[in-house]
Ligand SMILES: Nc1nc2c(c(=O)[nH]1)N[C@H]1C(S)=C(S)[C@@H](COP(=O)(O)O)O[C@H]1N2
Ligand SMILES: [Mo]
């Protein structure tokens, strides 16, 4: 085996050991973030808007796993090259390794959850461990070599190469001597050692991921943590029960007639585990609720900060709101219905001295900022116009899952998530309308009202159906306006039939519909369209999701035999 090959293997193995050690450490400490994840995160942040828009198919989704994989493989390759370089210049190789470590450290430290001391120690320790592993492998595989003179032919740096032509050049001689000496291990031992290092590193990373997975609440996935509020953990005091209004802290279970019991129909309340998921965070920020605060800042009379307990001792309510993503295609799945528990955003704003009659002073926009720096913004008056915009801390009667914004997020009926639904919320800043938040900078439209849409769920395109009664059903939504009518066409839009509507949970909620179609053999184009509570029917014109949301009728082709 060529010396350079051995060096490359040693360097790559060292990088694997570094990643393994770092992943293992970060799984034990909330203060230390994952290095490849934070590096990927910084790459995304530094990517200019246009590129980010194209690279991310869906607004809010980073091309995450691919990017993390590239970062890991890229580092392994560079480390291999550095180890080859070390045969010529140890100083240059160490400088390169230090530079890699520095990139990792800077990225990790800029993570919201990173605590400087432990993170620095973890990164430095992991890098040193990787260097030691690489160095050990180099010495055992190649032997101690004097630094090669710059003029040395690089091919000469091969132990086996000596057997080829074998002129007694001093440099070759040294390498052959080293290669054959007792100081080095055999080729197979070297491979075992290097393999061992790689396996150990990978195993450490795997164990780290496993520990992390089992510790976080989403691993428990199906058993979300029960909701804890200041008022249900302490004895309920007068302030909590005497709310500013009488909205219920808990809603009654949805009535039976809010849903049709038909195969393929989505559950009327989306379980947290299957709630659609969109964000730019490669891994969800892990926030300790006890240290969390929300600050209300910017153009407000009375800026203030509140703790989780302070938030949850304000009057709160449970509210049905269907959330959707602007990048949902017609017929797509980026829409879900949640029962959110939270404090009215208007109550929080009132505490800060913000009210309808005080707008237009550089406070027209409400920007919700996440602990990871992500931002969404919408017109402040939307928070004050009477809709149930929430500073939410619960979903479906349980704590917010980590992925969905634990401990606190915003939920605003009638706005797409990218302008409103900030997860891992830490700041609400009032500013002027000219300020552009994350996705606005990347070409998506400024206001983001949810367009009226409907979807066929119980029949799929390409289905071969049996003649007779076919249930064509699904959901339609127009949050804040409600759904007044849904029609189904089986002839590509030439004629329309009124569908039966399930009871509307709330104007902010999606609504199920059902059309019992008496199907005869043939080929059919099925379409659906909804009319909102204002009497406006969704537009037939087809538009792509960018910049304002997809439009057009959900259309599928089926055959009946
Ligand atoms: N911090 C943060 N909040 C965010 C996002 C994000 O990338 N980061 N994405 C938004 C987008 S685009 C959508 S559609 C909703 C999705 O919320 P969900 O993942 O809980 O369904 O979250 C919003 N809140
Ligand atoms: Mo979104």
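The values are calculated or read from the model by the stated rules, or taken from the named source; none is laboratory data. Just so it is clear, the model here is predicted, and its values are computed rather than measured. Note that we place each Cβ from the backbone using ideal geometry, even for glycine, and neighbour counts take in every protein chain shown.
If I ask for residues that are part of a loop (DSSP other than H, G, I, E, B), within 16 Å of ligand 1 (Cβ to nearest atom) and at pLDDT 90 or above, which ones from segment 283-299 would you list? Talk me through it step by step, then tell me what you get.
First, the residues of segment 283-299 that are part of a loop (DSSP other than H, G, I, E, B): 283-288, 292, 299.
Now restrict to residues that are within 16 Å of ligand 1 (Cβ to nearest atom): 283-287, 292.
Of everything in segment 283-299, those that are part of a loop (DSSP other than H, G, I, E, B), within 16 Å of ligand 1 (Cβ to nearest atom) and at pLDDT 90 or above turn out to be 287, 292.
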Does at least one position in segment 417-433 carry a residue that is without any contact (Cβ under 8 Å) to a residue 60 or more places away in the chain, more than 11 Å from ligand 1 (Cβ to nearest atom) and part of a loop (DSSP other than H, G, I, E, B)? no
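Name the one entry in 360, 386 that is outside the structural domain of residue 479 (by TED's automatic domain parsing), more than 16 Å from ligand 2 (Cβ to nearest atom), assigned to a loop (DSSP other than H, G, I, E, B) and at pLDDT 95 or above.
Working: 360 fails: at pLDDT 95 or above.
None of the others qualify; the one that does is 386.
Between 370, 295, which is within 16 Å of ligand 2 (Cβ to nearest atom) and touching a residue at least 12 places away in the same chain (Cβ under 8 Å)?
Step by step, each of 370, 295 is checked, and only 370 is within 16 Å of ligand 2 (Cβ to nearest atom) and touching a residue at least 12 places away in the same chain (Cβ under 8 Å).
Which residue, of 402, 348, is away from ligand 2 (no atom under 14 Å from the Cβ) and crowded, with 22+ Cβ neighbours inside 10 Å? Steps first, answer last, please.
Numbers: 402 fails: crowded, with 22+ Cβ neighbours inside 10 Å.
Matching residue, one of 402, 348: 348.
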Taking segment 422-444 and keeping only residues that are over 18 Å from residue 297 (Cα atoms) and modelled with pLDDT of 95 or more, one is left with none
Just give me the residues in segment 434-456 being more than 15 Å from ligand 2 (Cβ to nearest atom) and part of a strand (DSSP E or B), in sequence order. 454, 455, 456
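Determine which member of the set 302, 328 is more than 16 Å from ligand 2 (Cβ to nearest atom) and part of a loop (DSSP other than H, G, I, E, B).
Details: 328 fails: more than 16 Å from ligand 2 (Cβ to nearest atom).
Every option except 302 fails the conditions.
Return the residues of segment 261-282 that are assigned to a loop (DSSP other than H, G, I, E, B) and either surrounded by 20 or more Cβ atoms within 10 Å (Cβ to Cβ) or within 16 Å of ligand 2 (Cβ to nearest atom) (or both); say none if nothing qualifies.
Residues satisfying the conditions are 266, 268, 269, 270, 275, 276, 277, 278, 279, 280, 281, 282.
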All but one of (1) more than 8 Å from ligand 1 (Cβ to nearest atom); (2) in contact (Cβ under 8 Å) with a residue 12 or more places away in the chain; (3) at positive phi hold for residue 360; which doesn't? (2)
